[in-house]
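Each reported figure results from applying straightforward, stated rules to the coordinates on display, with no laboratory input. Predicted model, so just to flag it, every value in this text is computed and none were measured. Please note: Cβ atoms are built from the backbone with ideal geometry, for glycine as well, and neighbour counts cover all protein chains shown.
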Amino acid sequence: MIFEFQVGQMLSGFLKELVQGFCSEEMAVDVETFFKENPLPGTERSLEQGVETIRENWAWRRRDTNAIENFLNAPPAEVVTLD
């Protein structure tokens, strides 16, 4: 029983870490669909949290992409040295 708990706990953490690097609504839906069709008992909450993180990443990306691109494409600021 303890071995099953440890494996389930490790698997839950692994799956959460694996999916939360994704960054689009399409990937969130793909992850949800895959695990509905291929359930892993005991990992439901971790997968919900992972999918939530995917959607948070996607929201952040949509919100901030233009600002980051503008910053990176802006000409460098003039450097003033004091002699």
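Efficiency by 1/(1 + (r/R0)^6): what FRET value for Leu72 and Val29, r their Cβ-Cβ distance, R0 = 35 Å, to the nearest 0.05?
0.75
With an 8 Å cut-off on Cα pairs and a minimum separation of 6 or more residues, tell me the relative contact order of region 7-71 in percent.
The normalised contact order for region 7-71 reaches 47 percent.
For the chain, with a Gaussian network of springs between Cα atoms less than 10 Å apart, report the residue from Asn57, Asn38, Asn73 with the top mean-square fluctuation.
Asn73
Springs between alpha-carbon pairs under 10 angstrom, Gaussian network model over the chain: which of Ala67, Ala28, Ala59 fluctuates most?
Taking springs between Cα atoms under 10 Å, the residue moving most is Ala67.
Mind checking which of Glu25, Glu69, Glu44 has the largest fluctuation in a GNM of the chain, springs on alpha carbons under 10 Å?
Glu69
Relative to the longest principal axis of the chain, what angle (0 to 90°, nearest 10) does the C-alpha long axis of helix 2-19 take?
The two axes meet at around 30 degrees.
State the label only: which of (i) 100; (ii) 89; (iii) 128 corresponds to volume of the Cα convex hull per residue in Å³ computed from the shown model?
(iii)
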